[in-house]
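Engineer: Below you'll find the structure I mean.
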Amino acid sequence: MANIFIFYGVGGNNKENWLPWLKEQLENLGHKVFIPDFPTPENQTLDNWFKTFEDYKDNLNKDSILIGHSLGASFILNVLEKYPVKAAFLVAGFASLPDNKFKEGMRTFVDRKFNWAKIKNNCKKFYIFHSDNDPYVPIEKAYEFKKNADGELIIVEGAGHFNASAGYNKFELLFKKIVDLEK
């Protein structure tokens, strides 16, 4: 069984949206699931998130799976520049700064050039979930991920930002893709 990490986005927490549901489903299958309690929105910087991640990184290994929602997907890219894992699931994510009201709090995570060769060397499988009507992250960001990570792009119609306000208290498609990967 894999050690699975779930990273939430700006202003998020480990009890929001589909995260608790997914954690329970994966634990029922025998996986160890970690959702670090990152500082957000106050003190939300890449350095502060890595300081929090220090308490968890001993559980990270080449068979681990990373799941990131929104800013959590950007955090994954930073993790992958340092550590190898089995797969990454990027939900409503971005590798360059989207123009929205949260951009100042996201700048330290993506306002630079990523080492895509190292990222792809440290992770062979990328699954990119994006909606055709995300109000915060334009769909072009998903195509940017696909191009740079050479991942599988899954466009979900009408899913908004894959959050509770868009009806995402469960995320069955994501769960199915994780289960299929582990077969």
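The values are calculated or read from the model by the stated rules, or taken from the named source; none is laboratory data. Predicted, not measured: the structure shown is a model, and the values here were computed from it. Please note: Cβ atoms are built from the backbone with ideal geometry, for glycine as well, and neighbour counts cover all protein chains shown. SASA here: full protein model, heavy atoms, side chains in, ligands and nucleic acids out. Shrake-Rupley method; radii C 1.70, N 1.55, O 1.52, S 1.80 Å.
Engineer: Considering the range 157-183 alone, what residues qualify as being in a helix (DSSP H, G or I) and in contact (Cβ under 8 Å) with a residue 24 or more places away in the chain?
Structural biologist: ALA164, ALA166, LEU173, LEU174, PHE175, LYS177, ILE178, VAL179, LEU181, GLU182
Engineer: Considering each residue of the range 12-60, count those that are of a type in the set (Gly, Ala, Ser) and either in contact (Cβ under 8 Å) with a residue 60 or more places away in the chain or open to solvent by 50 Å² or more (accessible area, probe 1.4 Å) (or both), and give that number.
Structural biologist: Qualifying residue count, the range 12-60: 1.
Engineer: Sort out which residues of the range 81-99 are within 30 Å of VAL179 (Cα to Cα) and crowded, with 17+ Cβ neighbours inside 10 Å, and write them in order of number.
Structural biologist: Passing the criteria: VAL85, LYS86, ALA87, ALA88, PHE89, LEU90, VAL91, ALA92, GLY93, PHE94, ALA95.
Engineer: Continuing with the same structure: If a residue must be in contact (Cβ under 8 Å) with a residue 24 or more places away in the chain, open to solvent by 20 Å² or more (accessible area, probe 1.4 Å) and either of a type outside the set (S, T, N, Q) or part of a helix (DSSP H, G or I) (or both), how many such residues does the range 100-113 contain?
Structural biologist: 3
Engineer: Something else: TYR83: touching a residue at least 24 places away in the same chain (Cβ under 8 Å), more than 21 Å from LEU174 (Cα to Cα) and touching a Pro at 6+ places or on another chain (Cβ under 6 Å), yes or no?
Structural biologist: Answer is no for this residue.
Engineer: Please go through the range 146-156 and give me each residue that is closer than 13 Å to ALA95 by Cα, touching a residue at least 12 places away in the same chain (Cβ under 8 Å) and surrounded by fewer than 21 Cβ atoms within 10 Å (Cβ to Cβ), ordered by number.
Structural biologist: Residues satisfying the conditions are LYS146, ASN148.
Engineer: Still on this structure, I have one more. Which condition does CYS123 not pass, out of (1) closer than 28 Å to TYR56 by Cα; (2) of a type outside the set (Phe, Trp, Tyr); (3) open to solvent by 50 Å² or more (accessible area, probe 1.4 Å), if it passes all the others?
Structural biologist: Tallying (1) closer than 28 Å to TYR56 by Cα; (2) of a type outside the set (Phe, Trp, Tyr); (3) open to solvent by 50 Å² or more (accessible area, probe 1.4 Å), CYS123 fails exactly one: (3).
Engineer: Could we say that LEU77 is part of a helix (DSSP H, G or I) and under 18 Å from LYS124 (Cβ atoms) here?
Structural biologist: Answer is yes for this residue.
Engineer: Could we say that LYS32 is basic (Lys, Arg) and more than 22 Å from TYR143 (Cα to Cα) here?
Structural biologist: In short, yes.
Engineer: Quickly run through the range 61-80 and pick out the residues that are polar (S, T, N, Q), free of Cβ contacts under 8 Å to residues at least 60 places away in the same chain and buried (at least 23 other Cβ atoms within 10 Å of the Cβ).
Structural biologist: Passing the criteria: only SER74.
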